[in-house]
Amino acid sequence: MSNLQKLCLVYFVALMIAASLNYVPGLTDQDGLAFGIFALDIYDDALHVASALWALIAGLLSHRAARSFLILFGLAYLGDGVFGFFTGYGYLDLGIFTNPSAGPELSLPRLFANLPHLALGGVAAWAGLRDRRHTA
């Protein structure tokens, strides 16, 4: 199993944890915000579970599948985090289409709300793009 395949398995676990945040007592406040920073709904949970299953399948399948997952997932999540940082909403959960833009805001809450997608997406894209091995 290659390092990229192992990384996909780490992403599987991380994304399943993200999908479970709403269901762990004490992690959401009275307004439904996880850690008091961001709200997750059924669409976010479904997106995290689907991404986690994609990561698991890619990680178990082959190095090439893992690399493809990391690049595609990474760019999609990184872009979502950038959109979220500048508009207040991402595109993966269709938030930019269903909510008016909150406009750019350079604040810690906005940064922390989008940091998971920026970090997970950035690391995944970096790992996938820096690997040049194309074997199956």
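Side notes on the structure shown:
- From Leu72, Leu118, Leu129, residue being open to solvent by 60 Å² or more (accessible area, probe 1.4 Å), modelled with pLDDT of 90 or more and under 21 Å from Val13 (Cβ atoms): Leu72
- Of the residues making up region 87-95, one or more are part of a helix (DSSP H, G or I), modelled with pLDDT of 85 or more and open to solvent by less than 50 Å² (accessible area, probe 1.4 Å).
- Output for region 55-69, where each listed residue is within 12 Å of Arg132 (Cα to Cα) and not small (Gly, Ala, Ser): His63, Arg64, Arg67
- Criterion (assigned to a helix (DSSP H, G or I), open to solvent by less than 50 Å² (accessible area, probe 1.4 Å) and in contact with a strand residue (DSSP E or B) (Cβ under 6 Å, 6 or more places away or on another chain)) met by exactly one of Ala113, Ala58, Ala124, Ala65: Ala113
- Condition met for Gly103 (among the small types (Gly, Ala, Ser) and touching a helix residue (DSSP H, G or I) at 6+ places or on another chain (Cβ under 6 Å)): no
- Number of the exception - Glu105 against (1) at pLDDT below 85; (2) surrounded by 15 or more Cβ atoms within 10 Å (Cβ to Cβ); (3) farther than 30 Å from Ser2 by Cα: (2)
The values are calculated or read from the model by the stated rules, or taken from the named source; none is laboratory data. The model shown is predicted, which means the values in this text are computed figures rather than measured ones. Using ideal geometry, Cβ is built from the backbone for each residue, glycine included, and neighbour counts are taken over all protein chains shown. Each accessible area value is taken on the protein alone, full model and side chains, heavy atoms only, with ligands, DNA and RNA left out. Shrake-Rupley method; radii C 1.70, N 1.55, O 1.52, S 1.80 Å.
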